[in-house]
Amino acid sequence: MTDVARQNGLQEAFISRFGTRPIFRMAITDGRDPLEKAEQLRSDLRIEFAEPNYLAQTPEGRRGRSGWVIGGDAGTFATQWAPASLGFTAAHARNRGAGVTIAVLDNGVDPDHPALAGRLLPGFDFVDADDDPREEGIDGVDFGFGHGTHVAGLIALAAPEAKILPVRVLDPQGVGNIWVLAESLRYAIDPDGHPATNDGATVINLSLGTLRRTDLLEEIIALAACDDDDDDHCSATGGAIVVAAAGNGGDSVPQYPAAEAAARGKDCPCAAVLAMLR
């Protein structure tokens, strides 16, 4: 899938929800601050919204720690206390996730991990723009390494009969950006690009977040969840449940998109500007 095809797919998703208004990812070539450039664009009456392309990452990656890399060998893993404490035996007697597809938007998944054998769908890599969404990086060096596989493993433990759709959106340090998240969310709800077919995720997991609220992410999540939407995709699927990280730092700092109701921030590490025409 080329960058042009990915951008066209996102355009089509927005047109299906908002009509003929296109959305653009725009590079800054004059060295101006992204916040200033976005403000300049918003003064144009033809622009619905314009905002910096904020970075997003895993909460652990933001703190520079790899808290999921624990547990010892396979024997130690099998005797951990979490499955019993969470009541998985009783839960699995009622539902094991059969018929459910769960998209994991993260830094990739190890396709050769034995705990995930037979559970992974093909997926896509939006970082390198190819169809191999395996994790990249070096264990012990890159803070993000292993996070996506860890999340997929938790899902496989909780819903052993569900299918997992791996979608790589973060680099080895666990960092991505809002535009890539929007592309990947569009992909997760409609992998084959045909809205009338029901091949998308039932649940979309974002164990990541940004400290800045964005209109683009809010709109694409509304699209995924079929919020007041009756297009072909929603008629076929009914929408997906989107689960996002509220933060693992033990503090009250809002993280988006989980904290959509919180106030908008002021500072940002930005790389580009996103704009939508009226």
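The values are calculated or read from the model by the stated rules, or taken from the named source; none is laboratory data. The model shown is predicted, which means the values in this text are computed figures rather than measured ones. Note that each Cβ is placed from the backbone with ideal geometry, even for glycine, and that neighbours are counted across all protein chains shown.
Output the number of residues of region 94-119 satisfying the condition of being surrounded by fewer than 20 Cβ atoms within 10 Å (Cβ to Cβ), touching a residue at least 12 places away in the same chain (Cβ under 8 Å) and not in a loop (DSSP other than H, G, I, E, B).
2
What pairs come up if the first residue lies in region 72-89 and is on the phi < 0 side of the Ramachandran plot, the second is at pLDDT below 75, and their beta carbons are under 9 Å apart, counting only those six or more places apart or on different chains?
Listed by first residue and then by second, the contacts come to 77/71; 80/71.
Could we say that residue 126 is over 30 Å from residue 90 (Cβ atoms), in contact with a Lys or Arg (Cβ under 8 Å, 6 or more places away or on another chain) and buried (at least 22 other Cβ atoms within 10 Å of the Cβ) here?
yes
Yes or no: residue 36 modelled with pLDDT of 85 or more and part of a helix (DSSP H, G or I)?
Yes.
Pick from 151, 203, 175: which is surrounded by fewer than 21 Cβ atoms within 10 Å (Cβ to Cβ), among the aliphatic types (A, V, I, L, M) and more than 15 Å from residue 55 (Cα to Cα)?
Among 151, 203, 175, only 203 is surrounded by fewer than 21 Cβ atoms within 10 Å (Cβ to Cβ), among the aliphatic types (A, V, I, L, M) and more than 15 Å from residue 55 (Cα to Cα).
Given the conditions (1) at pLDDT 70 or above; (2) surrounded by 13 or more Cβ atoms within 10 Å (Cβ to Cβ); (3) farther than 19 Å from residue 201 by Cα, and given that residue 59 satisfies all but one, which numbered condition is not satisfied?
(1)
Applying the selection to region 132-142, what residues are modelled with pLDDT under 95 and surrounded by fewer than 23 Cβ atoms within 10 Å (Cβ to Cβ)?
136, 137, 138, 139, 140, 141, 142
Filter region 204-244 down to the residues that are at pLDDT 80 or above and of a type outside the set (A, V, I, L, M) and list them by number.
Within region 204-244, 205, 207, 209, 210, 212, 213, 214, 215, 218, 219, 226, 239 meet the criteria.
Taking the stated definitions as given, is residue 153 more than 14 Å from residue 204 (Cβ to Cβ), part of a helix (DSSP H, G or I) and not hydroxyl-bearing (Ser, Thr, Tyr)?
yes
One line per residue, one yes/no per condition, for (1) within 22 Å of residue 211 (Cα to Cα); (2) in contact with a Ser or Thr (Cβ under 6 Å, 6 or more places away or on another chain):
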{"residue": "145", "(1), (2)": "yes, no"}
{"residue": "151", "(1), (2)": "yes, yes"}
{"residue": "157", "(1), (2)": "no, no"}
{"residue": "170", "(1), (2)": "yes, no"}
{"residue": "175", "(1), (2)": "yes, no"}
{"residue": "180", "(1), (2)": "yes, no"}
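Does region 2-9 contain any residue that is assigned to a helix (DSSP H, G or I), surrounded by 13 or more Cβ atoms within 10 Å (Cβ to Cβ), modelled with pLDDT under 70 and among the aliphatic types (A, V, I, L, M)?
No, because not a single residue in region 2-9 is assigned to a helix (DSSP H, G or I), surrounded by 13 or more Cβ atoms within 10 Å (Cβ to Cβ), modelled with pLDDT under 70 and among the aliphatic types (A, V, I, L, M).
I'd like the residue in region 62-102 that is more than 21 Å from residue 120 (Cβ to Cβ) and of a type in the set (S, T, N, Q) and, out of all such residues, is modelled with the highest pLDDT.
Among those that are more than 21 Å from residue 120 (Cβ to Cβ) and of a type in the set (S, T, N, Q), it is 89.
For residue 18, indicate whether it is modelled with pLDDT under 60 and surrounded by 11 or more Cβ atoms within 10 Å (Cβ to Cβ).
Yes.
Do the conditions hold for residue 212, that is, is it under 28 Å from residue 27 (Cα atoms) and either assigned to a strand (DSSP E or B) or touching a strand residue (DSSP E or B) at 6+ places or on another chain (Cβ under 7 Å) (or both)?
yes
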